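Novice: Handing you a structure now.
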Amino acid sequence: MGRASRADAELHRQQVIDAAGRLFRERGIDQVSIPDVMAAAGLTHGGFYRHFASKDELVALAADAAFTTSSGIPTRTQPFAAYLADYLSTDHRDAPARGCPITGLEADVARSPAGSPVRAVFTAGVRARIDQFVEFTGGDPADPDERPAAIAELCLMVGALALARATAGDPVSEEILAAARAAVIPDPESA
């Protein structure tokens with residue numbers, strides 16, 4: 001029975017982390033309570049402290065998980081241009097709970113104290129994303145000359161998605177996404 005209980009506890013812990021990651025990206029960290037997270041995970045809020053020491057611990061774990069599981073991650077199984085098009089799509093704009101943790105968490109992380117666990121996780125996630133962008137263009141992430149273009153591209157994409165989300169419902173939102181796609185997706189005829 002102890003084995004099943006430990007396995008159940010680990011399953012519940014992961015369910016809470018996953019639910020928190022979705023809710024934090026969708027609503028913002030400060031707009032989500034522990035009871036909200038536990039309810040989204042299908043659990044009672046009384047069990048929270050059996051799994052986590054604090055909400056801050058959960059925030060860092062949820063951010064870390066989001067950086068490894070969100071739809072905002074480029075993969076080697078799709079062409080980079082397809083990833084860029086998906087990132088700058090209305091589907092991604094309209095689904096922040098499943099989307100890129102950079103655009104879902106950046107405002108909250110910017111207000112977190114320097115040295116906080118969530119800031120460290122977020123910074124590591126941004127660094128990893130920059131490295132992925134450099135690798136996708138055939139570069140070496142350790143080469144400082146190859147990083148500026150990847151950083152600029154990431155900034156353009158994150159900024160465009162944030163602005164598109166903030167203006168959703170207005171035609172300018174679509175214009176923002178289209179302009180960003182045109183700026184970052186290579187023209188097949190120029191390749």
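Novice: Roll a 1.4 angstrom probe over the protein heavy atoms and tell me the percent of accessible area of the chain that is carbon or sulfur.
Specialist: Values: 5670 of 10270 Å².
Roughly 55 percent, rounded to a whole number.
Novice: A further question on this structure: Tell me the accessible surface of GLU10 in square angstrom (1.4 angstrom probe, heavy atoms of protein chains only), to the nearest ten.
Specialist: Approximately 100 Å² for this residue.
Novice: Nearest 10 degrees is fine. How inclined is helix 55-69 to the longest principal axis of the chain, computing both from alpha carbons?
Specialist: 40 degrees
Novice: Just the Cα atoms of the range 97-149: what Rg and Dmax do they give in Å?
Specialist: 12.9, 36
Novice: Note the angle between two axes, namely the Cα long axis of helix 147-166 and the longest principal axis of the Cα atoms of the chain, as a number of degrees from 0 to 90, rounded to the nearest 10.
Specialist: 70 degrees
Novice: Using only the alpha carbons of the range 32-120, what is the convex hull's orientation-averaged projected area in square nanometres? Walk me through the numbers on the way to the answer.
Specialist: Numbers: hull surface 28.3 nm².
Computing the convex hull of the Cα atoms and averaging its projections yields 7.1 nm².
Novice: Do you know the relative contact order of the chain, to the nearest whole percent, from alpha carbon pairs under 8 angstrom that are 6+ apart? Can you show the working numbers first?
Specialist: Details: 194 pairs, mean separation 40.3, N = 191.
The normalised contact order for the chain reaches 21 percent.
Novice: Further, regarding this structure: In Å and from the alpha-carbon atoms only, list the Rg and Dmax of the chain.
Specialist: Expressed in Å, the Cα Rg and Dmax of the chain come to 18.3, 63.
Novice: Which one, LEU61, ILE151, ILE102, is farthest towards the positive end of the dipole of the chain when Lys and Arg carry +1 and Asp and Glu -1 on their Cβ?
Specialist: Farthest towards the positive end: LEU61.
Novice: Rounded if a/c is under 1.5, else prolate if a/b is larger than b/c, else oblate: which is the range 93-191, with a ≥ b ≥ c the root eigenvalues of its Cα gyration tensor?
Specialist: Since a/c reaches 1.5 but b/c is at least a/b, the shape of the range 93-191 is classed as oblate.
Novice: Report, in degrees rounded to the nearest 10, the 0 to 90 angle that the Cα long axis of helix 2-27 makes with the longest principal axis of the chain.
Specialist: Tilt relative to the chain: about 50 degrees.
Novice: When all protein chains stay in place, what accessible area (Å², nearest 10, 1.4 Å probe) is found for THR44?
Specialist: Taking all protein chains as shown, THR44 has close to 100 Å².
Novice: So, one more: Given Cβ point charges of +1 (Lys, Arg) and -1 (Asp, Glu) and nothing else, what value in debye, to the nearest 20, does the dipole of the range 113-191 about its Cα centre take?
Specialist: Working: 6 positive and 12 negative charges, 107 e Å.
About 520 debye.
The values are calculated or read from the model by the stated rules, or taken from the named source; none is laboratory data. Owing to the predicted nature of the structure, the values given are computational and were not obtained by experimental measurement. Using ideal geometry, Cβ is built from the backbone for each residue, glycine included, and neighbour counts are taken over all protein chains shown. The area values use the complete protein model at the heavy-atom level, side chains included, leaving out ligands, DNA and RNA. Shrake-Rupley method; radii C 1.70, N 1.55, O 1.52, S 1.80 Å.
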